[in-house]
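S.K.: Handing you a structure now.
What follows is calculated from the coordinates using simple rules that are stated; it is not laboratory data. Computed from a predicted structure; not experimentally measured. Reconstructed Cβ throughout: ideal geometry from the backbone, glycine too, with neighbour counts over all protein chains shown.
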Amino acid sequence: MGLNYYQIKKNILRARKLVIKGTNAAGSGHPGGSFSMAEILGCLFNKYLKFDPKNPQWEDRDRLVLSKGHAAPGLFSNMAVAGYFPESEIETLRKFGSRLQGHPDLKCPGVEFCGGSLGTGLSYSIGIALAAKIDSKNHHVYTIIGDGESDEGQVWEAAMTASKYKVDNLTAFLDRNFIQQDSYTEKVMPLDEKLEGDDISEMWKDASRWKTGDKWRSFGWNVIEINGHRIEQIDAAIAKANATKGVPTIIISRTIKGKSVEHMEDNPQWHGKAPDSDVVPIIDLELDSQFMISPSIIAGDMTNLENEIKRCVSGRADYIHLDVMDGQFVPTKTFDHNKIKELRPLTVIPFDTHLMINNPVRHVKDYIDAGSDIITVHAEVTDESSFGEIHDLLKQNQVGVGFSINPETELPEWSYKFLPSLDQIIVMSVVPGKSGQKYIEETHTKMTRLNSIVKEHNFSGYIEADGGVNLENIGSVFADGARAFVGGGAIIGQQDVRAAIKDFRTEILKSRRRILLEKANELGGIELVNKWIGLHVIGEKQEQLKKIAHEAGYL
Ligand code: DX5
Ligand code: ZN
């Protein structure tokens, strides 16, 4: 069974957009802390929590306690996406008579705990977890506490209690975003080592400095430390936590406050402030423009693909592109599902399996069983019925569905009906068969054309550019509409994979910022352009934006 990675990502995006809609409508609220836990909530609601939105009081439901109750917009938006109430209700946030108040309130169906007065959620969670044990119930209790919140003494009393009573039907998350009400946690009450300056991204880079976990270990907890925005890491941590008996588990999730909206990220201002209406469409466009980088390992040492996987892991790839070639669909032969099965245990990073094989319908099950997270087959070797079979099998197994077209192939009309449920379209920008080729320039217009077709058919997946993508062309490939980027020669072919991926990200960011400034200019001229630039107060973002705005002629 796959991770359902793409479905989870899609729902997380819907929830983030609802947080922006709700806080903007309310003119107040907490987007920052809602976004730092967005992936955690997304995994819980879309993969682990047992619940029935039509029967919120179902006695065997799992319980989710949001101890950091100010992040209510994050909770409510996930509940809306999960079907507890219509998504439109989020616009009643914080209004008189609404079920969606500034902090979770039991008047809202599905809310387990009135959080908001910080420090009490863990105690409450222990109480209901112990009650479940006494009543020999086997539902699970999940609770999310904030790092600033863990300055409260009651959190540590509760920590002692949970380990004394071996409360192992409880999984806690620490949303470790390094920011509380009005400043950085490490300035108010350090949980880790002394924070140098204001650049908390340094803390992010050097996990060896993290000491918060040691505190929880000394209180007798099982501690798992993860990147709290990596769905695959959250998924693996929850599975491990739920399998750990005799001791409570806390998943210390290193997160970024305001994650996914650049001007909110790591910015204490967005702890409790709502976005203005005039920038909401630009924020929505930014949220819709999340991107992924996927190194193609066949550009490396084919005799040691294990090491190529390890290079992707240390390089922090978003997912890993596995080019399967059968020597018939393309002249080259690379590897098959047996190799993927061997590589699978090396990492939880999603496997993006690109099948350049004949008759894929006969083999796709092997690639599901080998552990692929998304499987892409080619239009040239499928038709409506065989692709329909592949599509249904992948959906049943919670594996992402991908469809690929060669440079000379247009998207076949028969495929349009699959577009609303497709997760990825690979637009080949080289003739398939090997890495290290040159990007075929005609792909630019083809991708722009494809982008408008798929938009008309409710495609909400990723267009993946595959072949010859490099630092010179990636900015324009992003502008053409690609949101996933395969890098063979330009990433795996480089000495330092992490640096190559970082450079890819920098170039894509420049292109995205240019598109967002263009949107600001279109909506509100130089005034809104300046307002948008002015929002970016952390680090060098503002300088970089001004430079782009100058180049584009706005300033
Ligand atoms: C080509 C493969 C591509 C290729 C990418 O048939 O599908 O994924 O390995 O490598 P570069 O980025 O070097 O073109
Ligand atoms: Zn490929």
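S.K.: What is the spread of the Cα atoms of the stretch 5-275 along each of their three principal axes, largest first, in whole Å?
M.R.: 51, 45, 35
S.K.: Using alpha carbons only, how many degrees (0 to 90, rounded to 10) separate the axis of helix 541-551 from the longest principal axis of the chain?
M.R.: Result, in degrees: 40.
S.K.: What value in Å³ per residue do you get for the convex hull of the alpha-carbon atoms in the stretch 264-316?
M.R.: It is 98 Å³ per residue.
S.K.: Further question: Considering all alpha-carbon pairs of the stretch 338-472, what whole percent are spaced by more than 25 angstrom?
M.R.: Tail of the P(r) past 25 Å holds 24 percent of the pairs.
S.K.: Loop-only GluC sites (Glu not before Pro) in the stretch 1-107, please: DSSP not H, G, I, E or B, and at most 16 other Cβ atoms within 10 Å.
M.R.: Answer in residue order: GLU59.
S.K.: What three numbers, in Å, describe the spread of the alpha carbons of the chain along their principal axes, ordered from the longest?
M.R.: Sorted from largest, the Cα extents of the chain read 65, 58, 45 Å.
S.K.: Sticking with this one: I need the calculated FRET efficiency for the pair LYS137 and LYS240, taking r as the beta carbon distance and R₀ as 22 Å, to the nearest 0.05.
M.R.: 0.50
S.K.: Within the set of other residues whose C-beta is less than 14 Å from the C-beta of GLU196, count the net charge using Lys and Arg as +1 and Asp and Glu as -1.
M.R.: Result for the local shell: -3.
S.K.: Taking just the alpha carbons, could you work out the radius of gyration and Dmax for the stretch 81-206, both in angstroms?
M.R.: Considering the stretch 81-206 through its Cα atoms, Rg and Dmax are 17.5, 51 Å.
S.K.: Still on this structure, please answer the following. Once you place label points 7 Å from the Cα toward the Cβ at TRP58 and ASP278, how far apart are they in nm?
M.R.: 4.7 nm
S.K.: Shifting gears a bit: Can you give the angle from 0 to 90° between the axis of helix 443-456 and the longest principal axis of the chain, with both taken from C-alpha atoms, to the nearest 10?
M.R.: 50 degrees
S.K.: Here's another thing I want to ask about it. Given R₀ = 56 Å, FRET efficiency for SER386-LEU555 by Cβ-Cβ distance, to 0.05?
M.R.: Efficiency for this residue pair is about 0.55.
S.K.: Could you work out the relative contact order of the chain, using alpha carbon pairs under 8 angstrom and six or more residues apart, expressed as a whole percent?
M.R.: Relative contact order comes out at 13 percent.
S.K.: Relative to the longest principal axis of the chain, what angle (0 to 90°, nearest 10) does the C-alpha long axis of helix 121-134 take?
M.R.: With both axes taken from Cα atoms, the answer is about 90 degrees.
S.K.: Right, something else. Pull out the extension gain between ASN304 and GLU410, defined as 0.36 nm times the separation in residues minus the alpha carbon to alpha carbon distance; nm, one decimal.
M.R.: Difference between extended and current length: 34.6 nm.
S.K.: Compute the FRET efficiency between ILE440 and TRP204 as 1/(1 + (r/R0)^6), taking r as their Cβ-Cβ distance and R0 = 35 Å, and round to the nearest 0.05.
M.R.: According to the calculation, E is roughly 0.40.
S.K.: What net charge is computed for the residues neighbouring SER117, neighbours being all others with C-beta under 15 Å from the C-beta of SER117, Lys and Arg scored +1, Asp and Glu -1?
M.R.: -3
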